[in-house]
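Asker: Sharing a structure here in structure tokens format.
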Amino acid sequence: MDLGRLEYLQALVTEFQTTDSTGNKRRCSLDLSVSSVSSHTRRFSLAEAKEQVLANLANFAYDPNNYGYLRQLQVLDLFLDMLTEDNETLVEFAMGGLCNLCLDKTNKEYILEANGVEPIINCLSSSNEETVVSAVTTLMFLTTPRSRAQTTALPVVECMLRFSLSANTRLSNLASVFLQDYCSPPQVEEARNLSKHTAVGIPLPKD
């Protein structure tokens, strides 16, 4: 075991967890000695620091050598929890981290067992292109004979049809691959027919 690597990842997780969702250090929450202006600046800088820590954890998720450590430190749960945050940057990095991790069979099974598909599907409605691309890719990686009914549910297929018509080439190509490789022709046809009769759909991300 690489104790240095484990200790570093543990330090990142600890740093992330000592900052609350508004960007305030929990241990400093009662500090009223600063002015309103400096307090605003402090919240902003700590929020950015939290985003940077999560970005670092997502980057470490690229390396298969880190998978065991990240599971041990419950980083997969951390990423899943962040998918429901109001901070779009945190959602983007968390979704990217899960995308990096789910190629691994053990990680994939963990995410599926943790009911991670639903919050990932919800990320398809994000206005952030990176979040949406990571969500589509992650759904591809998570699709198994057991999970296919959920990862290719009708609303998801409808969404992919809309994305396949997007002017965003990156998104349209990815959605087309999803429809071709992960959905059956009857699924696509059903979604296409349903889409003709409804104006409601998951909005396209901003370019």
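The values are calculated or read from the model by the stated rules, or taken from the named source; none is laboratory data. Here the structure is a predicted model, which means the values were calculated and not measured. Heads up, the Cβs are rebuilt from the backbone with ideal geometry, glycines too, and the neighbour counts pull from every protein chain shown. Accessible surface areas use protein heavy atoms only, side chains included; no ligands, DNA or RNA. Shrake-Rupley method; radii C 1.70, N 1.55, O 1.52, S 1.80 Å.
Asker: List the helices (runs of 4 or more DSSP H) inside region 69-151, counting only whole elements, that have at least 1 residues being closer than 20 Å to Leu179 by Cβ, β-branched (Val, Ile, Thr) and open to solvent by less than 30 Å² (accessible area, probe 1.4 Å).
Answerer: Once the helices (runs of 4 or more DSSP H) in region 69-151 are filtered for at least 1 residues that are closer than 20 Å to Leu179 by Cβ, β-branched (Val, Ile, Thr) and open to solvent by less than 30 Å² (accessible area, probe 1.4 Å), what remains is 117-122, 129-142, 148-151.
Asker: Looking only at region 44-68, which residues are assigned to a helix (DSSP H, G or I), of a type outside the set (A, V, I, L, M, F, W, C) and either touching a Phe, Trp or Tyr at 6+ places or on another chain (Cβ under 7 Å) or open to solvent by 40 Å² or more (accessible area, probe 1.4 Å) (or both)?
Answerer: Within region 44-68, Ser45, Glu48, Lys50, Glu51, Gln52, Asn56, Asn59, Pro64, Asn65, Asn66 meet the criteria.
Asker: Ala175 - would you say it is hydrophobic (A, V, I, L, M, F, W, C), surrounded by fewer than 19 Cβ atoms within 10 Å (Cβ to Cβ) and assigned to a helix (DSSP H, G or I)?
Answerer: When the stated conditions are applied, Ala175 does not pass them.
Asker: For region 140-188, how many residues meet the condition of being under 18 Å from Val117 (Cα atoms) and among the small types (Gly, Ala, Ser)?
Answerer: 4
Asker: Being out of contact with any helix residue (DSSP H, G or I) (no Cβ under 9 Å at 6 or more places or on another chain), open to solvent by less than 80 Å² (accessible area, probe 1.4 Å) and in a helix (DSSP H, G or I) is the filter here, so list the residues in region 178-198 that pass it.
Answerer: Asn193
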